[in-house]
1. Sort through A:Arg383, A:Arg365, A:Arg394, A:Arg344 and tell me the only one that's under 16 Å from A:Arg520 (Cα atoms) and charged (D, E, K, R).
2. Of the conditions (1) within 14 Å of chain B (Cβ to nearest Cβ); (2) closer than 30 Å to B:Val11 by Cβ, A:Ile144 fails just one. Which one is it?
3. Residues in segment A:757-773 that are under 22 Å from the mean Cα position of the chain (by Cα) and farther than 24 Å from A:Ser579 by Cβ: how many?
4. When you scan segment A:323-347, how many residues do you find that are closer than 20 Å to A:Phe501 by Cβ and under 21 Å from the mean Cα position of the chain (by Cα)?
5. If you check A:Gly490 against the conditions, is it within 22 Å of the chain's Cα centre (by Cα), at pLDDT 95 or above and either within 24 Å of A:Ser676 (Cβ to Cβ) or not in a loop (DSSP other than H, G, I, E, B) (or both)?
6. What residue, among those in segment A:583-621 that are farther than 22 Å from A:Gly233 by Cα and without any contact (Cβ under 8 Å) to a residue 40 or more places away in the chain, is surrounded by the most Cβ atoms within 10 Å (Cβ to Cβ)?
7. Which one is farthest from the other protein chains (Cβ to nearest Cβ) among residues in segment A:416-442 that are buried (at least 23 other Cβ atoms within 10 Å of the Cβ) and more than 25 Å from A:Asn372 (Cα to Cα)?
Amino acid sequence: MTEDQTFTIEVDGQQLEARPGQMLIEVTDAAGINVPRFCYHKHLSVAANCRMCLVEVEKAPKPLPACATPVMNGMKVFTRSPLAREAQKGTMEFLLINHPLDCPICDQGGECELQDVAMGYGGDISRFTERKRVVRDEDIGSLIATDMTRCIHCTRCVRFGGEIAGLRELGATGRGEHLRIGLYIEHAVASELSGNVIDLCPVGALTAKPSAYQARSWELSEYDGVAPHDGLGSNLHLHVRRNRLMRVVPRENEDVNQTWISDRDRFSYQGLYSDDRLQRPMLRENGKLREADWQEALMAAARALKDASGARIGALISPSATLEEHYLATRLLRALGSNNIDHRLRQGDFRGDAADPALPWLGQRIADFSNNQATLLVGSWLRKDQPMLNHRVRQSQIDGALVMAINPVAYDFNYELDVDIVCIPSAMTKELAGVAAALGVDTLGIEAVPDPAHHGIADSLKSAAQGTVLLGNAATMHPDFSLLRALASGIAAAAGVTLGFVGSGSNDCGAWMAGAVPHRDTGGKAIAPPGLDAAAMLEQPLDLYLTFGVEPEMDVAEPARMAAALGAAQLLAIGSHTSPWLLEHADILLPAAAYAETSGTFVNIEGNAQSFRGVAAPPGETRPGWKILRVLGNLVGLDGFDYAESTEVRDEVLAACADLAPDNRIGDLQDRKPKSAPGEWERVGGVPIYAVDALSRRAHALQLTPDAWGGELRLNTAAAAALDLGEAAAVRVAQGEGSAEFEVRIDDAVPDGCIWLPTAVPGSEALGAAFGPVAVEKA
Amino acid sequence: MSMRSQPMVRVEKCEHKEALFTPEVRAEIDAWVAKYPERWQQSACMPALTIVQDMNGGHLTRELMDQVADYLDMPPISVYEVATFYSMYEHRPVGRHKICLCTNVSCMINGSDGILEHLSNRLGIGFGQVTSDGKFSLKEVECLAACGGAPMMQIGHNYYENLTPELVDQILDGLE
């Protein structure tokens with residue numbers, strides 16, 4: 001019998017279709033028949049150790065666990081028969097033997113699977129009068145609170161670690177009465193997906209630490225949301241009490257995030273309630289910033305925009321701003337006579353703009369990544385940059401796919417890379433050209449002799465029926481991004497796989513659609529001559545800059561130079577948070593609502609527009625960003641800025657983009673000269689997982705995890721010896737005109753002659769681009 | 001969950017396995033690894049723990065468990081799970097002679113309580129303790145499948161059955 005054939009089974013008198021190989025519980029779940037369970041989870045392996053899903057099967061001598069009983073043709077099942085009920089009741093009584101009955105003081109109370117199932121299937125009294133066991137708690141980090149006495153040993157968290165996170169950290173040690181779930185050796189768990197065990201835990205053993213004891217589940221209202229930190233647009237449930245976002249949990253969407261979300265998406269909401277939220281409009285008067293009311297501030301902003309000459313205005317918009325905000329900012333700028341608008345704030349190279357496709361995207365649907373047979377990551381720490389996409393790549397590898405990488409650091413992945421080329425940043429073009437040469441395509445004049453590793457990559461990509469070459473965030477920030485992209489494009493075409501981009505924020509596709517780039521207008525219409533891109537706005541300083549959701553010392557490619565350029569000009573900053581830099585340099589500060597506080601739309605990196613409502617109240621006088629831009633449009637006298645709802649704005653953009661299809665075809669590259677050259681020391685940049693935007697940088701709990709980047713710089717043992725560091729723990733780094741001192745951490749993942757020093761981390765404000773030559777000396 | 005770590009779980013591969021254990025211990029573990037298919041070396045976890053425990057004078061330490069994990073390309077927690085599940089692995093020092101006395105049903109009916117009393121009086125220790133000279137330790141175990149000769153105890157690799165206080169004295173006197 002093949003997989004596609006179905007047969008009929010009977011459950012509680014209902015005839016149900018089933019496929020061979022399915023477990024009984026899958027069939028009953030699909031039919032909406034409730035079978036109680038604790039250890040079963042559809043995305044985890046079957047353990048069958050809680051015994052809660054026992055059901056009666058005709059001709060079976062005893063009750064069988066529905067989660068581990070394969071369906072058979074003509075099977076007759078009774079889920080509520082006296083035998084099944086008796087078995088479920090007995091199991092429940094055993095499970096409660098060691099479980100403390102202190103639900104009123106348990107954080108899980110009210111949303112506890114054990115509580116619910118005990119109500120539905122348990123007895124009304126316990127015959128157990130002996131002592132219960134007590135288990136010592138371990139501190140497993142800043143995200144997950146433990147109360148292991150409550151644990152019922154379902155092992156979902158243990159299986160999650162092995163099967164989804166790819167790291168065995170939690171385990172079941174001991175036996176019988178002494179069995180316990182824990183780390184054995186206490187440490188902070190180091191997975192970017194660890195928070196999912198909170199949802200998996202059916203009892204109050206693992207709960208969310210940042211929101212512990214702050215709200216009861218029945219006080220919370222649940223709203224739909226979309227994650228604001230990476231291009232996946234993971235679907236969220238936002239739990240709100242009295243207009244305050246109390247916590248975030250995943251909303252199931254098999255096409256995007258399945259039943260999981262990353263810790264960044266789960267805990268970044270803490271950044272909404274940081275002390276440095278911008279709460280009132282502010283104006284600079286005689287060099288000093290003062291609070292102003294909206295009327296005054298908006299008039300001042302409109303006057304500044306009107307007074308500046310159109311072409312002398314530049315706009316830097318966060319790639320995580322909503323589609324509506326991108327569109328209104330674009331319209332405002334273009335109406336004022338400027339095409340100087342960009343959302344590609346961290347991109348390291350704009351020479352390829354003329355070759356840009358109209359709407360770069362992932363190249364494939366997110367779900368299709370699981371079925372790829374070969375993936376080549378170019379300049380990507382996919383695991384930390386786009387955790388849920390990495391999960392798909394990992395799934396493909398478990399199914400036998402090859403995953404290869406060309407990276408400037410031996411990044412830590414939760415799977416083993418089949419080919420792992422680690423090189424200094426300036427050699428990345430050459431390595432990629434090696435793969436191109438192995439496939440016999442244009443190497444853009446870069447001399448490359450393919451070695452076995454290059455041939456290996458080329459052959460794997462070529463033999464894959466479905467695969468991808470994925471350009472990651474480090475590649476985008478690279479000074480030769482245009483070359484890397486052209487090479488990757490050639491490789492993908494020659495090997496018959498797709499080319500993909502991951503995006504740097506939550507709404508890169510939306511920004512392209514809205515036209516928040518200097519060379520394309522809404523709907524992807526080309527603009528000639530183009531305006532200034534993010535880098536050119538530095539080369540040719542302007543009179544007035546408008547920033548939206550940007551911290552210029554953190555969120556741009558060259559923090560020191562950008563800050564200087566913006567500091568010297570007039571600066572109109574719209575954003576959710578203040579920073580010391582903004583308070584010192586901005587001339588007009590307008591407080592805009594952050595994620596969860598504003599309605600809007602994110603177009604995820606597969607081109608899927610997902611709208612959401614504002615569900616939490618922004619602090620102080622903060623207003624939604626799209627309304628601020630709308631009023632600015634009205635005040636400078638523009639037509640057609642009379643939107644009453646953000647949905648009107650969205651509908652207008654989407655209508656303008658009706659003919660715009662995602663597209664990764666790269667045009668011919670004119671300037672083919674590599675910009676990066678080997679220096680004595682090269683900086684390897686990137687942005688750490690919890691430093692990508694204002695919110696995640698301010699999420700306190702995330703900053704306490706092992707993934708948070710402290711004030712350090714990393715280099716390898718040989719580099720430390722070359723610098724003669726000895727006992728010294730600090731070095732001074734000079735780049736361009738800036739310099740700063742950093743603590744040193746030895747990390748042999750960094751190639752020789754390089755320092756790993758990301759942008760958007762403390763100390764990096766004073767320096768330049770993420771990649772490039774630097775001077776390093778012992779401090 | 002698959003019984004095999006990889007490819008499901010990424011394991012930090014130890015690069016200097018020759019630095020772990022002595023050549024003799026490695027050879028013994030390798031002989032067990034060779035009995036299983038390639039990439040299933042973690043099947044040798046239990047014998048490896050036994051070998052390493054014997055080498056260490058009868059008990060395991062966290063360092064030794066970590067080394068076994070390194071040697072067999074396993075996540076450390078998987079080794080901890082095995083080592084804490086089975087009762088023959090010790091996590092605290094034991095005597096040169098580990099006396100495992102069965103107190104399960106058959107032995108209890110046939111007088112294991114008296115044997116325990118005699119052992120405790122003679123050695124001055126109870127279950128879970130070691131004599132001050134480090135020669136003996138006493139451990140309570142469940143059925144060792146020798147009910148026909150109850151009451152019984154195990155010392156080292158030997159079973160001693162049909163115990164009486166006199167026989168126990170005779171056995172202990174004969175040990176180094």
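The values are calculated or read from the model by the stated rules, or taken from the named source; none is laboratory data. Everything numeric here is computed off the predicted structure, so don't read it as measured data. Neighbour counts are summed over all protein chains in view; Cβ atoms, including those assigned to glycine, are modelled from backbone coordinates with ideal geometry. Each accessible area value is taken on the protein alone, full model and side chains, heavy atoms only, with ligands, DNA and RNA left out. Shrake-Rupley method; radii C 1.70, N 1.55, O 1.52, S 1.80 Å.
1. Step by step, each of A:Arg383, A:Arg365, A:Arg394, A:Arg344 is checked, and only A:Arg344 is under 16 Å from A:Arg520 (Cα atoms) and charged (D, E, K, R).
2. (1)
3. Of the residues in segment A:757-773, 0 are under 22 Å from the mean Cα position of the chain (by Cα) and farther than 24 Å from A:Ser579 by Cβ.
4. Residues flagged as closer than 20 Å to A:Phe501 by Cβ and under 21 Å from the mean Cα position of the chain (by Cα) within segment A:323-347 amount to 7.
5. In short, no.
6. Checking each candidate, the answer is A:His585.
7. So, considering only residues that are buried (at least 23 other Cβ atoms within 10 Å of the Cβ) and more than 25 Å from A:Asn372 (Cα to Cα), the one farthest from the other protein chains (Cβ to nearest Cβ) is A:Ser426.
To keep it simple, each residue is scored yes or no on (1) away from chain B (no Cβ under 14 Å); (2) among the hydrophobic types (A, V, I, L, M, F, W, C); (3) touching a residue at least 40 places away in the same chain (Cβ under 8 Å).
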site	(1), (2), (3)
A:His153	no, no, yes
A:Arg156	no, no, yes
A:Gly166	no, no, yes
A:Gly171	no, no, no
A:Leu183	no, yes, yes
A:Asn196	yes, no, yes
A:Leu206	yes, yes, yes
